[in-house]
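Note sheet for the following structure.
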Amino acid sequence: MGRAALASEQVGQVFVEGRRGRDRLEYTEYGAGEAWVVLLPPLLVPRRVHDRTARMLASQGLHVLVLDPLGHGRSDRPADPLSYSVTAFAQQVVALLDHVGAARAVVGGSSIGANVALEVAVLAPSGSPA
């Protein structure tokens, strides 16, 4: 089995309009390919759970984003419980894709991350934001 090519990694942040102002989201970007992939963690698990998968995908030429939605990992944790929903998390993914200039992406996740991926498809079915 051959060694995979190393892919670049960088941490970024994006600000989204929340229920009570601007909220900061943190993400990691892997690789620089033309095709975008977004990976979402399970509920209350930080994004680093997908580090190995993201690195492997990036080494294959994909451009991968791994997001900490609100309340996860190093992203903001608003006190308002209405800030946390599958729809809100999906809106955060769409905002992230806008932020990095990705017109289309494959979005997937584990546990609630899978539900968020489905909601992203509802919000932006053609790949462009709703």
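The values are calculated or read from the model by the stated rules, or taken from the named source; none is laboratory data. Owing to the predicted nature of the structure, the values given are computational and were not obtained by experimental measurement. Here the Cβ is made from the backbone with ideal geometry for all residues, glycine too, and neighbour counts use every protein chain on show. Calculation scope for accessible area: heavy atoms of the full protein, side chains included, ligands and nucleic acids excluded. Shrake-Rupley method; radii C 1.70, N 1.55, O 1.52, S 1.80 Å.
For the chain, compute Rh as the Kirkwood radius over C-alpha pairs and then the Stokes-Einstein diffusion coefficient at 10 °C and 1.306 mPa s; write the answer in µm²/s, rounded to an integer.
Working: Rh = 14.6 Å.
The Stokes-Einstein estimate is 109 µm²/s.
For segment 103-117, in order, what is each residue's ³J(HN,Hα) by Karplus, 6.51 cos²θ - 1.76 cosθ + 1.60 with θ = phi - 60°, in whole Hz (x at glycine and Pro)?
Residue by residue, segment 103-117 yields 6, 9, 7, 8, 10, x, x, 10, 6, 4, x, 5, 5, 4, 4 Hz.
If you take every DSSP beta bridge fully contained in the chain, what fraction is antiparallel? Give it as a percent rounded to 5.
Rounded to the nearest five, the antiparallel share is 65 percent.
Quick check: the angle from helix 86-100's long axis to the longest principal axis of the chain, C-alpha only, nearest 10 degrees?
50 degrees
Tell me, what is the FRET efficiency for residue 35 and residue 15 to the nearest 0.05, using R0 = 22 angstrom and their Cβ-Cβ distance as r?
E(calc), rounded to 0.05, equals 0.25.
At a 1.4 Å probe, what is the % contribution of carbon and sulfur to the accessible area of the chain?
Roughly 54 percent, rounded to a whole number.
Counting heavy atoms of the protein chains only and a 1.4 Å probe, report the per residue accessible area for the chain as a whole number of Å².
I get 56 Å² per residue for this part.
Using θ = phi - 60° and the Karplus relation 6.51 cos²θ - 1.76 cosθ + 1.60, list the HN-Hα couplings for segment 33-39 in order, rounded to whole Hz, with x at every Gly or Pro.
x, 6, 8, 9, 9, 10, 10
May I ask for the net charge around residue 9, where only other residues with Cβ less than 9 Å from the Cβ of residue 9 are counted and Lys, Arg are +1 while Asp, Glu are -1? Kindly include the intermediate steps, with their values, before the conclusion.
Values: positive: 55; negative: 29, 51.
Here the count lands on -1.
Taking amide hydrogens as modeled 1.01 Å from N in the peptide plane, which residues meet the under 5 Å criterion relative to residue 18, leaving out close sequence neighbours?
Residues meeting the amide H criterion: 23.
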